[in-house]
Every structure is written in C-alpha cells, then in structure tokens.
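A.B. asks: Here's a structure for you.
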Amino acid sequence: MKQIKFTGSLKHNELEALYEIGRAVAETVEINIALEKIIKLTRAVFIFDNIVLYNINNNGDLEAGFARAIGRGRAYEGDLAWGEMAAKYVIETGDNFVQNSEVDPDKDRLEQQFFLGLPMIVGGKITGSLLFIRFGGPSFTEAQINFSELLATHFSQLYNREKLVSKVAELEAERRLNRLQADFLAMVSHDLNTPLGFIKGYTTTLLRSDTDWDRGTQNEFLTIIDDETDRLSELIENLLDSSRLQSHKFQIKLNNHHLDKIGSSQVERLKFLYPELDINIVIKNHNIPVLVDSKRISQVIDNIINNASKYAPNSKILVTISMIGDEAQISIQDSGPGIEKDHLEKIFKRFYRIPGKRAGVRGSGLGLFICEQIIKSHRGKLLVESEVGRGTNFIIKLPVVKEEVEKRNV
Ligand code: ADP
C-alpha cells in the first residue's frame with residue numbers, strides 16, 4: 001500500500017462541476033437526491049466504475065452508507081469488492097489510499113481493481129471515507145486525486161448537515177412529546193380534580209356535626225355526589241380505554257348478534273335513565289346479523305346519544321337502524337346547532353373538543369376517538385354529516401354476516 005499526497009491544478013470543467021456540486025449540497029434537502037446529483041455531476045468530469053461512501057456508525061464500525069456501481073461491473077454490483085480494506089486504511093490513518101496497477105490485457109478487467117480512498121473530515125474528525133473503484137484502469141492522476149479531495153469535503157458537509165438535521169428533528173420530536181405529556185397531565189388533572197372537588201366538598205358539608213340538613217337538602221347533595229362519581233368513573237374508563245387502544249391492548253369479544261336488538265335495547269335503557277330525552281327509534285330491517293362485541297357497540301351508541309343530549313339539548317333525536325346491501329347501519333340524528341366543516345374532520349381526534357362551544361358542558365374529547373376506534377376494530381366505519389343550524393347525523397356502519405342472510409333467504 002502506498003500513501004501518496006499530490007498537489008495539482010484543476011481544469012475548468014472540473015472547477016465548474018465542483019461549483020455545481022457545492023450548490024447541490026447547499027440547496028438539496030433530501031440527502032439521497034443530493035448524492036444522486038453529485039454522482040451525475042462527478043461522472044461528467046471523472047471516470048469511475050464504483051463509488052462507495054463509508055461512514056463510522058455510532059458503535060464505531062464501518063458502514064457503507066451509499067454505494068453505486070456505474071460503469072464496468074454494473075451487472076456484478078452485488079458480488080464486487082467494495083474496497084472495505086481501503087476504507088479502513090483511510091479511516092485509521094487519515095491519509096489517502098491510492099492503488100494503481102499495471103493493466104494486464106489478458107486478464108479480466110473486473111479482476112484488476114484500481115482504488116482511490118479519501119478521508120471525509122468534519123470539524124477535524126474523520127467521519128468516513130469516500131472510495132472510488134476503477135476496473136482495469138486508467139490510473140488515478142494527481143489532478144484527479146486533488147479533485148476527489150475537494151469532492152470528499154462536499155460529501156462530508158452533506159453528511160454533517162444530514163446529521164444535524166436529524167438531531168434537530170429528534171430534539172423537536174422530544175420537545176413536542178414533552179409538551180404533549182405536560183398538556184395531557186394538565187388536562188387530566190383538571191378533569192379529575194373537578195368532580196373530586198365536588199364529591200369532597202359535598203361529603204364534608206353533609207358530615208358537618210354543627211348542622212342538621214333536612215332530607216331534601218341531603219338528597220340534593222347526594223345526587224350531586226352520585227352524578228360526579230359517575231362522571232369520574234366515566235372519565236377514568238375513557239382514559240383507560242384510550243391508553244389500551246394506544247398500547248394495542250384493547251380487547252373486543254366478538255359474538256353473533258342482531259344489530260337492531262342491540263340498538264333498541266340501548267335506546268330503551270337511555271329513555272329509562274333520562275326520561276327528558278326526546279328520542280325515537282325506527283327499525284327498517286329486523287334481525288340484522290352482525291358479529292360484534294355488543295358491550296362495545298352499546299358503548300358507542302350510548303356515547304353518541306349522550307353527546308346529542310349535551311351538545312344539542314332539547315333537540316329531537318332519531319335513531320334509524322337498517323341494512324343496506326351487506327352493510328348494517330345505525331344513524332343517530334339530532335336537530336341541534338350542527339358542527340362547522342373545519343371542526344367536523346377533527347372531532348374524532350383524541351382530546352379534541354370544539355373550542356368555545358357550550359363552554360359549560362363537560363367532557364374530555366376522548367369519547368368520539370374511542371367510538372371510532374371501536375367501530376374500526378369491527379371493520380366498520382363511523383361517519384358524521386352535519387349542517388350548521390340543522391343538526392348532526394352520526395352513522396355507524398358495520399359488516400353484515402353474509403352467511404346468515406343467505407341461510408335466511410333459502
Ligand atoms: P367530549 O364530549 O368529551 O368533549 P367527544 O369526543 O365525545 O368528547 O366529542 C368531541 C366534540 O365534538 C365535543 O366536544 C363537541 O364539541 C363535538 N360534538 C360531539 N357531538 C356533537 C353533536 N351531536 N352536536 C354538536 N357537537 C358535537
């Protein structure tokens with residue numbers, strides 16, 4: 001192995017290519033696009049068959065970050081020696097590695113490899129090696145080595161910038177995650193604290209030994225405690241569901257059911273619990289066979305009707321259950337204020353609540369996110385249509401169990 005240091009002058013076309021390469025490094029954001037551009041520009045003024053960029057990875061090992069077979073030996077791309085030994089020498093010594101040989105016309109050119117290896121240096125530190133391979137010559141000249149040294153500084157800059165960009169992206173992602181966690185904790189603590197505050201306040205008041213509360217007041221306070229406890233357990237349940245969904249531990253137990261039965265019994269239950277709800281049900285098809293977790297589907301219906309009662313108070317609610325082709329469908333329509341288009345696509349996002357709307361109404365923005373995930377896990381769809389001033393329609397679509405329908409039609 002011989003170590004050679006040359007000095008030589010560059011030709012006009014080489015200088016021009018270097019200028020264009022410098023521009024590609026500065027202007028191209030995507031590293032692979034920049035590399036392709038540089039290789040194209042280099043090829044116009046410099047002969048080579050293979051080019052390899054070796055980097056030192058985080059474990060200190062040599063890694064071919066980029067490799068191209070361009071000229072001879074292109075077809076042998078996979079088999080050819082990529083000059084790892086030459087790259088190692090460059091990285092260990094910090095010197096160029098040049099190996100020119102005499103060409104033997106009787107030998108296969110692919111077996112006569114000429115190497116040129118150059119260190120890539122960032123901030124005085126060797127970060128990798130740029131390697132050119134020629135099969136069967138010609139030899140690397142002084143001027144070409146000079147040209148390649150300048151090229152190696154461009155490659156170093158490119159990799160250095162790429163490293164900085166990915167470091168910045170990493171830090172940004174970390175910062176965003178921290179922010180998200182802080183927002184989440186603030187939101188959850190506030191939502192958990194509000195009902196807890198009520199429960200604690202009214203319980204302490206009822207327990208005061210210096211006051212005798214009459215039966216009516218006691219009932220009033222106990223009802224508040226009861227409501228707030230429900231609210232607290234609903235919130236905790238939603239938070240748990242949401243975290244199970246995120247960690248893919250959310251379980252659904254599928255069984256054969258009739259969707260109209262699930263829908264009607266849920267509506268009856270809600271009518272009983274909230275007699276003030278103006279809710280009607282229309283069942284267009286009976287015994288619609290579906291393979292579902294009935295508890296989870298009931299949870300979705302419950303959530304959507306609950307939302308209608310919260311965000312479209314005093315409005316009529318119409319639940320329609322039907323079978324359209326091989327799709328079972330439940331639509332829950334209210335005639336409330338509706339939802340503007342901008343918000344419509346966001347309401348299924350985790351923690352999304354329409355800002356400023358019905359500020360007094362409490363919620364966590366988790367309900368519709370969970371509903372959509374439940375329906376998706378049944379291979380169904382949860383859709384929403386809304387017109388401001390006219391109302392909102394949530395549509396649950398689920399696949400019908402075809403064999404059941406076919407059996408029935410025989
Ligand atoms: P939460 O009710 O806990 O805020 P949801 O995920 O169930 O969360 O709903 C997200 C948002 O969608 C609600 O905050 C509300 O602004 C809006 N929304 C849901 N249902 C309706 C409806 N029927 N009419 C108008 N707005 C609605």
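The values are calculated or read from the model by the stated rules, or taken from the named source; none is laboratory data. All values derive from a computational prediction rather than experimental measurement. Note: ideal-geometry Cβ built from the backbone for every residue, glycine included; neighbour counts use all protein chains shown. For the accessible areas, the whole protein counts, side chains as well, though only heavy atoms, and no ligand, DNA or RNA atoms are used. Shrake-Rupley method; radii C 1.70, N 1.55, O 1.52, S 1.80 Å.
A.B. asks: Residues to consider are Ile262, Ile317, Ile281, Ile252; find the one that is at pLDDT 95 or above and within 22 Å of Glu403 (Cβ to Cβ).
C.D. replies: Details: Ile317 fails: within 22 Å of Glu403 (Cβ to Cβ); Ile281 fails: within 22 Å of Glu403 (Cβ to Cβ); Ile252 fails: at pLDDT 95 or above.
The match here is Ile262.
A.B. asks: Of all residues in region 112-165, which are surrounded by 18 or more Cβ atoms within 10 Å (Cβ to Cβ), over 16 Å from Thr42 (Cα atoms) and of a type in the set (S, T, N, Q)?
C.D. replies: Gln113, Thr127, Ser129
A.B. asks: Can you find even one residue in region 232-254 that is over 26 Å from Lys397 (Cβ atoms) and of a type in the set (D, E, K, R)?
C.D. replies: no
A.B. asks: For Lys310, work out the one condition from (1) open to solvent by less than 80 Å² (accessible area, probe 1.4 Å); (2) away from the ligand (no atom under 16 Å from the Cβ); (3) basic (Lys, Arg) it doesn't fulfil.
C.D. replies: The failed condition is (2).
A.B. asks: Can I ask one more? Would you mind finding the one in Leu235, Leu254, Leu273 that is among the aliphatic types (A, V, I, L, M), surrounded by fewer than 17 Cβ atoms within 10 Å (Cβ to Cβ) and either at positive phi or within 32 Å of the chain's Cα centre (by Cα) (or both)? Lay out the reasoning, then the answer.
C.D. replies: Values: Leu235 fails: surrounded by fewer than 17 Cβ atoms within 10 Å (Cβ to Cβ); Leu273 fails: either at positive phi or within 32 Å of the chain's Cα centre (by Cα) (or both).
Every option except Leu254 fails the conditions.
A.B. asks: Pull up region 123-144, narrow it to residues that are within 23 Å of Ala17 (Cα to Cα) and not in a strand (DSSP E or B), then point me to the one that is nearest to the chain's Cα centre (by Cα).
C.D. replies: First, the residues of region 123-144 that are within 23 Å of Ala17 (Cα to Cα): 128-134, 137-144.
Among the residues that remain, those that are also not in a strand (DSSP E or B) are: 137-144.
Details: Gly137: 49, Pro138: 50, Ser139: 50, Phe140: 48, Thr141: 50, Glu142: 50, Ala143: 49, Gln144: 46 Å.
Among them, the one singled out is Gln144.
A.B. asks: Thr194 fails exactly one of the following numbered conditions: (1) without any contact (Cβ under 8 Å) to a residue 12 or more places away in the chain; (2) surrounded by 14 or more Cβ atoms within 10 Å (Cβ to Cβ); (3) hydroxyl-bearing (Ser, Thr, Tyr). What is the number of that condition?
C.D. replies: The single condition Thr194 does not satisfy is (1).
A.B. asks: Give the number of residues within region 203-217 that are open to solvent by less than 60 Å² (accessible area, probe 1.4 Å) and in a helix (DSSP H, G or I). Reasoning before the result, please.
C.D. replies: Our first condition is that a residue be open to solvent by less than 60 Å² (accessible area, probe 1.4 Å); within region 203-217, this holds for 203, 205-206, 211, 216-217.
Retained after the next criterion (residues that are in a helix (DSSP H, G or I)): 203, 205-206, 216-217.
The total comes to 5.
A.B. asks: Here's another thing I want to ask about it. Given the condition without any contact (Cβ under 8 Å) to a residue 60 or more places away in the chain and touching a Ser or Thr at 6+ places or on another chain (Cβ under 7 Å), answer yes or no: does some residue in region 125-141 qualify?
C.D. replies: Narrowing region 125-141 to residues without any contact (Cβ under 8 Å) to a residue 60 or more places away in the chain: 125, 137, 139-140.
So of that shortlist, the ones also touching a Ser or Thr at 6+ places or on another chain (Cβ under 7 Å) come out as none.
For region 125-141, residues without any contact (Cβ under 8 Å) to a residue 60 or more places away in the chain and touching a Ser or Thr at 6+ places or on another chain (Cβ under 7 Å): absent.
A.B. asks: While we're looking at this one, here's another question. Looking only at residues in region 229-261 that are part of a helix (DSSP H, G or I) and touching a Ser or Thr at 6+ places or on another chain (Cβ under 8 Å), which one is nearest to Met323 (Cα to Cα)? Working first, answer last.
C.D. replies: Of all residues in region 229-261, those part of a helix (DSSP H, G or I) come to 229-246, 259-261.
Next, only the ones that are touching a Ser or Thr at 6+ places or on another chain (Cβ under 8 Å) stay: 235, 238-239.
Numbers: Leu235: 33, Asn238: 30, Leu239: 33 Å.
The residue in question is Asn238.
A.B. asks: Which of the residues belonging to region 319-334 are crowded, with 18+ Cβ neighbours inside 10 Å and more than 10 Å from the ligand (Cβ to nearest atom)?
C.D. replies: If the condition is that a residue be crowded, with 18+ Cβ neighbours inside 10 Å and more than 10 Å from the ligand (Cβ to nearest atom), then Val319, Ile321, Met323, Ala328, Gln329, Ile330, Ser331 are the ones that fit.
A.B. asks: If you take just the helices (runs of 4 or more DSSP H) that sit entirely in region 339-410, which of them hold at least 2 residues that are at pLDDT 95 or above and either within 8 Å of the ligand (Cβ to nearest atom) or under 20 Å from Asn255 (Cβ atoms) (or both)?
C.D. replies: On the way: elements: 341-344, 367-377, 402-409.
Counting at least 2 such residues, we get 367-377.
A.B. asks: Please tell me if Phe250 is of a type in the set (A, V, I, L, M, F, W, C), over 26 Å from Pro313 (Cα atoms) and out of contact with any strand residue (DSSP E or B) (no Cβ under 8 Å at 6 or more places or on another chain).
C.D. replies: Working: of a type in the set (A, V, I, L, M, F, W, C): yes; over 26 Å from Pro313 (Cα atoms): yes; out of contact with any strand residue (DSSP E or B) (no Cβ under 8 Å at 6 or more places or on another chain): yes.
Yes; evaluated as a whole, the condition is true for this residue.
A.B. asks: Could you tell me whether Glu237 is over 30 Å from Pro289 (Cα atoms) and without any contact (Cβ under 8 Å) to a residue 60 or more places away in the chain?
C.D. replies: No: the conditions fail for Glu237.
A.B. asks: Restricted to region 280-302, and to residues that are crowded, with 20+ Cβ neighbours inside 10 Å and under 22 Å from Gly391 (Cα atoms), which residue is farthest from the chain's Cα centre (by Cα)?
C.D. replies: Ile301
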